[in-house]
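Just below is one structure, and these are the notes that go with it.
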2 protein chains.
Amino acid sequence: MKREEKHTRCPEKKCFNPGNLLYPLPAVMVTCGDMERSNIITVAWAGTVCSDPAMVSISIRPERYSHGIISSTGEFAVNLVTRKLIRATDLCGVISGRNTDKFRETGLTKAQAFKVSCPVIAESPVSIECRVQKIVKLGTHDMFLARVLCLDVSEAVIDRTGKFLLNSSGLAVYSHGEYFSLGEKLGSFGYSIRKKPKKKTDKKRRG
Amino acid sequence: MKREEKHTRCPEKKCFNPGNLLYPLPAVMVTCGDMERSNIITVAWAGTVCSDPAMVSISIRPERYSHGIISSTGEFAVNLVTRKLIRATDLCGVISGRNTDKFRETGLTKAQAFKVSCPVIAESPVSIECRVQKIVKLGTHDMFLARVLCLDVSEAVIDRTGKFLLNSSGLAVYSHGEYFSLGEKLGSFGYSIRKKPKKKTDKKRRG
């Protein structure tokens, strides 16, 4: 009986108060400011929100140092992170840029972007240059809705035909308090409806 | 010289037109409708946007069947996916619910939610029940900004002390056209500034 009371609706599941359990998420290093005064903030509340125009959103607490910078400049870059960059990624999420030069602290290379005034991280395989379109106040976090202006892609993740080899670049991911590398490939988009290639019938032997 | 021309700004990177390269992302199965007429749509443009109140966003093309349902009911559930659910996840992203009952097609179990009228997927380790607060038109996609009403967590991912063992549940992730399992654990939040536990000095031997 007690069991039935606990699981009135979905027998396999228990009901918990609202919280943040949508995982895994990207853990990205967001750069902002300009080439002289810049900052890096690690953000997990980040994602793509529109394909065309390409748009991303990042959510930042108003009390964070980068919040003021991005609100004022209207620009930022999202730098994807690989396993090699995870220690720096973690560090840029737990110390404040108010009293630390995070580029110096992490040893990351500050590189000039193509279209925005803020720097990008040279070691990141992909930097996504963005311009803020709207800031939406939500509660603990403000959401910065932004247009992607261009993509800075490392030559190391582009093959000879121009194809992005992003998934071979060692991308890392954040899930419920922990960082992980990508594991086994489980399939590619659309594989569930793709016809298996026909097996070659051994005509010669039959003929 | 040619090299310099190509790489005027960030020597390691080439500039590409705007596109969607923010990866890895969660690939989640979003359920909507009610217990009689429901649908499942796979969404990669999904993420957390606020910690408190807990809020998520999902972006859906207006022409998708689920767009109309969620716009009308104002409710949906985000069902996290594991490696076992990846084939179903892919299928729910490439076929339309207009002419297919996706629960029947995938064999997934339709379970009643706690607070919303739409079903959740029993096989998912976590279902996040949501109520839409705002629909933001962006372009190809509309963004549904939503409050998390409650979390339906599978007993299999809760230990005896009530801790969520989400990262042991086989979560999967979507990155640039491919699905992956989580790989090696690289660290936990804050590890970069955590002091290493002091080694026990071998006082006895010295003394």
Between B:S72 and the same site in the other copies, what are the distances in nm, shortest first, taking label points 7 Å from Cα along the C-beta direction?
5.0
Can you work out the base-10 log of I(q)/I(0) for the protein assembly as shown at q = 0.07, 0.11 1/Å, using the Debye formula on its C-alpha atoms alone?
-0.35, -0.81
Set of aspartates and glutamates near A:K115 by C-alpha distance (under 14 Å), chain-local residues within fewer than 8 positions excluded:
A:D34, A:E75, A:E129, A:D152
Tensor-based shape of region B:91-154 (alpha-carbon gyration tensor, a/c under 1.5 rounded, otherwise prolate or oblate):
oblate
Arranged by the count of other C-beta atoms within 10 angstrom, fewest first, what order do A:L80, A:L108 take?
A:L108, A:L80
Springs between alpha-carbon atoms under 10 Å, Gaussian network over chain B: tell me which of B:E155, B:E75, B:E129 tops the mean-square fluctuations.
B:E155
For region A:22-185, the dipole about the Cα centre with charges only on Cβ (Lys and Arg +1, Asp and Glu -1), to the nearest 20 debye, works out at 120 debye
Give me the dipole magnitude in Debye, nearest 20, for region A:15-107 about the Cα centre, with unit charges on the beta carbon: positive for Lys and Arg, negative for Asp and Glu.
320 debye
Share (percent) of C-alpha pair distances in chain B greater than 31 Å works out to 32 percent
Mean Cα-pair separation over length for region A:83-160, i.e. relative contact order, pairs under 8 Å, 6 or more apart, %
22 percent
Counting pairs of alpha carbon atoms under 8 Å apart in space and at least six apart in sequence, what relative contact order in percent does chain A give?
21 percent
When each copy gets a label point 7 Å from Cα toward the beta-carbon at B:R61, what are the spacings between them in nm, shortest first?
3.9
Final fewest-first order of A:K14, A:K102 on the 10 Å Cβ neighbour count is A:K14, A:K102
What order, most packed first, do the peptides A:61-67, B:121-127, B:157-163 have when packing is the mean number of other Cβ atoms within 10 Å of each residue?
B:121-127, A:61-67, B:157-163
So for the pair A:E36, B:R87, with labels modelled 7 Å out along Cα→Cβ, what separation do we get in nm?
6.1 nm
With each label point set 7 Å from Cα along the Cα-Cβ vector, what nm distance links B:K163 and A:K115?
4.5 nm
Which cross-chain or sequence-distant (5 or more) residues have an amide H under 5 Å from the amide H of B:T82, H modelled 1.01 Å from N in plane?
B:A172
Take the cross-link list A:K14/B:K163; A:K84/B:K185; B:K110/B:K137; B:K84/B:K110; A:K110/A:K134 and give me the ones stretching past 20 Å between alpha-carbons.
B:K110/B:K137; A:K110/A:K134
The size of the Cβ-based charge dipole (Lys, Arg +1; Asp, Glu -1) of the protein assembly as shown about the Cα centre, to the nearest 20 debye, is 1720 debye
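No lab work stands behind these numbers, since they all come straight from the coordinates. The structure displayed is predicted, hence computed values, not measured ones. Cβ atoms come from the backbone with ideal geometry, glycine included; neighbour counts cover every protein chain shown.
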